[in-house]
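Read through the structure below, which is laid out as structure tokens, and then see the notes.
The values are calculated or read from the model by the stated rules, or taken from the named source; none is laboratory data. What you are looking at is a predicted structure, and each value in this text was computed from that prediction instead of being measured. All Cβ positions, even for glycine, are placed from backbone atoms using ideal geometry, and neighbour counts span all protein chains on display. We work out accessible area using only protein heavy atoms, side chains counted, and drop any ligands, DNA or RNA first. Shrake-Rupley method; radii C 1.70, N 1.55, O 1.52, S 1.80 Å.
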Amino acid sequence: MRQLRLSKSCITQEEKRAVMSVLDRGYLGMGPEVRDFENDLTSFFGRPATCIVNGTAALHLALQGIGIKSGDEVLVQSLTYVASFQAITAAGGIPIACDFDPDTGCIDLIDARQRVSDKTKAIMPVHYAGGVGDLDELYKFAEEYDLRVIEDAAHAFGTEYKGSKVGSFGDIACFSFDGIKNITSGEGGCIVTDDPMVLERIRDARQLGVEQDSERRFAGLRSWNPNVLDQGWRYHMSDIMAAIGRIQLKNFDHHRTKRQSLAKEYSAILAEESLVTLFNHDYEKVVPHIFVVILDPSVDRSKLMDILSKSGVPTGIHYKPNHLLSFFHRKGIRALPITEEYSSRLLTLPLHPELTRDDVRYITTELREHLRDA
Ligand SMILES: Cc1ncc(COP(=O)(O)O)c(C=O)c1O
């Protein structure tokens, strides 16, 4: 019997050699490798990228960078990883849980509109599973209410929207490079923006707020007479991480096409299955981080997950809605009917670059065979 993985960090000898050369150099902190990774990412996006220790910290710094403070409200879909919500509260903001659009998995702007208040300062669209929905509409909405936009693009590295890469346009985009993302640096992430005020704030804030410390470290210097102008955090990336990230970025085309071809294979097979609905993603443009299906309400998801696990097919749930978590639950919150209905029907199938098309055929055969027993 096969034993598949739901997700996997896919690392080659090249990444291992790159890490070894950093170890041999004897400088592991934020130095030349991070500087070069930042330059590589800046070329990739066509505007400045700043490397951060992880995607959650990237979101936190971006929120601080736009000046979110205690009591400010940020619109965000409830269907996201807890990182989006934690980043908002870490910055002192209040996450205002919104519904999502079951066609795309992205924030439902009709619902979000009803939750705007005079305290709303920003919107954080989450590019769920790599899809971005209608970003033109989203930016129009933000303009209408004078909101900053922080795109949680943790799932969407490489996705294109109308011919442009996510992150290459818009206000601010935050990516995650954790072990199983479209590219990894072990842990890690980056913020992409060309807002000079935000850039200045985040570059210092990632180094405990020490003024111009990033630039000094990239030049191999330290200041023994530092100044600090604002609250900072120890959120910088290390050279070990950047060494992995640079190789992953160089080989991204391979990872991208592999993820897209597996998602196309899943979609072609599952289009025939009446007990499963798919998100409306064009896998020529979307680079999927996860592959999620919506089960028919008649299917018992837990039972199905158990049966599939016994056939060597691990599955996952992305996500339990955040407004149902005790820390984020707010009294008097207006219902989120789509989130509440759909979240119990979402099922994530295995996806990573080492999976084969034959594995996808095996997974879908097992899924289809057992959908009706569950
Ligand atoms: C939607 C979303 N946002 C933010 C993050 C946070 O990224 P990180 O794990 O690098 O902190 C993740 C990570 O999985 C995520 O899925």
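For the residue pairs Lys121/Lys264; Lys8/Lys69; Lys285/Lys310; Lys16/Lys162; Lys8/Lys303; Lys140/Lys285, the C-alpha atoms sit more than 27 angstrom apart in Lys121/Lys264; Lys8/Lys69; Lys285/Lys310; Lys16/Lys162. Peptide packing: for 54-63, 180-189, the average count of neighbouring Cβ atoms within 10 Å per residue gives the ranking 54-63, 180-189, highest mean first.
In a reduced charge model with +1 at each Lys and Arg Cβ and -1 at each Asp and Glu Cβ, the chain shows a dipole moment near 920 debye about its Cα centre. In a fully extended conformation the segment linking Ser164 and Asn280 would gain 39.9 nm over its present Cα-Cα distance, using 0.36 nm per residue. Reported value for the chain: 136 Å³ per residue, from the convex hull of its C-alpha atoms. Near the amide H of Ile96, within less than 5 Å, lie the amide hydrogens of Val74, Leu75, Val76, all on another chain or at least 5 residues away, with H placed in the peptide plane. Legend: residues Thr348, Thr89, sorted from most to least accessible area (1.4 Å probe; ligands, DNA and RNA excluded), read Thr89, Thr348. Highest GNM mean-square fluctuation among Lys331, Lys264, Lys165, for the chain modelled with Cα contacts below 10 Å: Lys331. Computed over the chain with a Gaussian network model linking Cα atoms closer than 10 Å, the most mobile of Ile110, Ile94, Ile202 is Ile110.
The solvent-accessible area of Thr356, taken with every protein chain present and a 1.4 Å probe, is close to 60 Å². Computed on the chain, with alpha-carbon pairs under 8 angstrom and 6+ residues apart, the relative contact order is 23 percent. When only alpha carbons are used to place a centre, the stretch 1-68 and the stretch 207-265 end up 5 Å from one another.
Put simply, the amide H of Thr80, placed in the peptide plane, has neighbours under 5 Å in Asn322, leaving out anything fewer than 5 places away on its chain. Near the amide H of Ile52, within less than 5 Å, lie the amide hydrogens of Gly189, Cys190, Ile191, all on another chain or at least 5 residues away, with H placed in the peptide plane. Taking all protein chains together and a 1.4 Å probe, the residues Leu249, Leu41, Leu229 rank Leu229, Leu249, Leu41 from largest to smallest accessible area. For GluC sites (Glu not before Pro), the sites in the stretch 282-346 that DSSP calls loop and that have at most 11 other Cβ atoms within 10 Å are Glu284.
Work out the FRET efficiency for Ala271 and Lys119 from their Cβ-Cβ distance, taking R0 = 35 Å, and round it to the nearest 0.05.
Numbers: r = 44 Å, r/R0 = 1.25.
Efficiency at R0 = 35 Å is approximately 0.20.
For the stretch 112-242, the solvent-accessible area works out to 41 Å² per residue, with a probe of 1.4 Å and every protein chain left in place. Would you mind getting me the FRET efficiency between Lys303 and Val228? Use the beta-carbon distance for r and R0 = 56 Å, nearest 0.05. E(calc), rounded to 0.05, equals 0.50.
Rolling a 1.4 Å probe across all protein chains gives Phe252 an accessible area of roughly 10 Å².
Measuring with a 1.4 angstrom probe and ignoring ligands and nucleic acids, His254 comes out at about 110 Å² accessible.
Based on DSSP H segments of at least four residues, each scored -39500 (n - 2.57), the chain has a per-residue ellipticity at 222 nm of -11500 deg cm²/dmol.
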